[in-house]
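Engineer: One structure, as structure tokens, below. Some questions next.
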Amino acid sequence: MLAAFASCSTEPAVTDNSKTPEARFLEAQLKNVPKFGFMIGHHDDPVYGIGWEGDSARSDIKSVCGDYPAVMSFDLGHIELGGEMNLDKVPFDRIRKETVAQYERGGIVSFSWHADNPLTGKDSWDVSDSTVVKSVLPGGANHEKFMGWLDAVADFFNSIRTADGVKVPVLFRPWHEHTGSWFWWGQNLCSADEYKRLWEMTYSRMQEKGASQLLYAYSPGTEPQDSAAYLERYPGDSIIDLIGVDGYQFDRDAYLKSMNGVLRVMQQVSVSHQKPMAVTETGYETIPDSVWWTQTLLPLAEKYPVSYVLFWRNARERENHFYAPYPGHASEADFVKFYESPKTLFLNDFNKINFNNTNENEEL
């Protein structure tokens, strides 16, 4: 993986000097971590799991292998409505505290945003109208409303601070899976130009609100077959800091084919645009294959210079909707083997990397 990562062009990458020092360090970590392996991530990891909710410092992954994931992710859905909880009934105050806790223990946090449909008032998955994105752009009927939504997002990010006032750097991953058409910002719901303008407007508003601690992730699904398709709606190197993909297993052969295909494309884009790459969402619901971790996921991920691989959530309110093992699950023993691989970086492994001297071939 090191050889592949080191083959990048010598052309200087686009940099944004307005980023906070903490955000620039996070950017360097994401770029350099593939030299050592790939980080493991899990959505909503510390706030609930199978058979529990709200416990302090608990994690299904930690209960299985003894360590936290290096990356945790949370969702901002419903922050635009002004409520106290997100769409999965997690209090925003809890998310704020867990983000600070993960940062202070040396880990990384990513945020998605399943924003409600601003035209119909229904959820993100309401694709009944193909003019939603157009309606939130400048001149559109919902533009002012949507700018207020963006302000709520920026205000929340700016409120995530350590005790000494440092704004916690995080990855922001809005408008994801846009190469499908199941969200109101999806492929068949807006033009490429409208999608790019949505991104540009989002980024500009965050900058205006002083949210310079953010890095931005672009994450289509597995649909793109080549770099042109992958970049069709790419908002530009001056905005995007990490490229990703969201892809889930339903059939093993189809999963491996689609993921290998898009990861090869992403590796080309990573080199040409000098952006780190990641599997921003993946998993196999209920993990019915007891050796999935070491026989499917590990051989796939270790072939590519990915910064992290993130599994979706272990729902406490929906039966059979989980993507990470828990104590007693059939894949528990295999996950421990996955954890023991030198390629997989959990929190303690990640913290052993000296990112101030990444030219040395350090052992973890």
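Each value in this text was obtained by applying a stated rule to the coordinates, not by laboratory testing. If you're wondering where the values come from, they're calculated on a predicted model, not measured in any experiment.
Engineer: Taking square-rooted eigenvalues a ≥ b ≥ c of the alpha carbon gyration tensor, is the range 106-241 rounded, prolate or oblate, where a/c under 1.5 means rounded and, failing that, a/b exceeding b/c means prolate? Each step should come with its number before you reach the end.
Structural biologist: Working: a/c = 1.90, a/b = 1.33, b/c = 1.42.
Because a/c hits 1.5 or more and a/b fails to exceed b/c, the range 106-241 counts as oblate.
Engineer: Restricting the count to DSSP beta bridges whose residues both fall in the range 41-357, what percent are antiparallel, rounded to a multiple of 5? It would help to have the intermediate numbers written out before the result.
Structural biologist: Values: 5 of 32 bridges.
For the range 41-357, the DSSP antiparallel bridge percentage is about 15.
Engineer: Per-residue HN-Hα couplings for the range 200-209, Karplus 6.51 cos²θ - 1.76 cosθ + 1.60 at θ = phi - 60°, whole Hz, x for Gly and Pro?
Structural biologist: Rounded to whole hertz, the list is 4, 5, 4, 4, 4, 5, 4, 5, 4, 8.
Engineer: OK, next. Once amide H atoms are built 1.01 Å from N in the peptide plane, which residues 5 or more positions from Gln213, or in another chain, come under 5 Å H to H?
Structural biologist: So Gln213 has HN proximity to Thr20.
Engineer: Give the distance, in whole Å, between the Cα centre of the range 303-339 and the Cα centre of the range 119-161.
Structural biologist: Answer, in whole Å: 32.
Engineer: Under 5 Å between amide H atoms, partner at least 5 residues away or on a different chain: which partners does Ser73 have, H built in plane at 1.01 Å?
Structural biologist: When sequence neighbours closer than 5 places are left aside, the close amide H contacts are His42, His43, Asp44, Asp45, Ser110.
Engineer: For Lys145, go through the lysines and keep the ones whose alpha-carbon is under 22 Å away, minus same-chain ones fewer than eight residues off.
Structural biologist: Lys122, Lys134, Lys196, Lys209
Engineer: Under 8 Å for C-alpha pairs, at least 6 residues apart: give me the relative contact order for the chain, rounded to a whole percent.
Structural biologist: On the way: 699 pairs, mean separation 86.7, N = 364.
This gives 24 percent for the chain.
Engineer: Considering only Cα-Cα distances, which of the following residue pairs are longer than 22 Å: Lys62/Lys343; Lys89/Lys275; Lys257/Lys303; Lys35/Lys62; Lys35/Lys303? Walk me through the numbers before you get to the answer.
Structural biologist: Details: Lys62/Lys343 18 Å; Lys89/Lys275 34 Å; Lys257/Lys303 14 Å; Lys35/Lys62 24 Å; Lys35/Lys303 12 Å.
From the list (Lys62/Lys343; Lys89/Lys275; Lys257/Lys303; Lys35/Lys62; Lys35/Lys303), the Cα-Cα distance tops 22 Å for Lys89/Lys275; Lys35/Lys62.
Engineer: Could I ask something else about it? Please tell me the relative contact order of the range 57-203 in percent, rounded to the nearest whole number, where contacts are Cα pairs under 8 Å and at least six residues apart. Display every interim value, and only then the final one.
Structural biologist: Working: 206 pairs, mean separation 35.4, N = 147.
Normalised by residue count, the contact order of the range 57-203 is 24 percent.
Engineer: Oh, and also: Long-range amide H contacts for Met39: which residues qualify at under 5 Å (H placed 1.01 Å from N, peptide plane, sequence gap of 5 or more or a different chain)?
Structural biologist: For Met39, whose amide H was placed from the backbone, the distant partners under 5 Å are Tyr308, Val309, Leu345.
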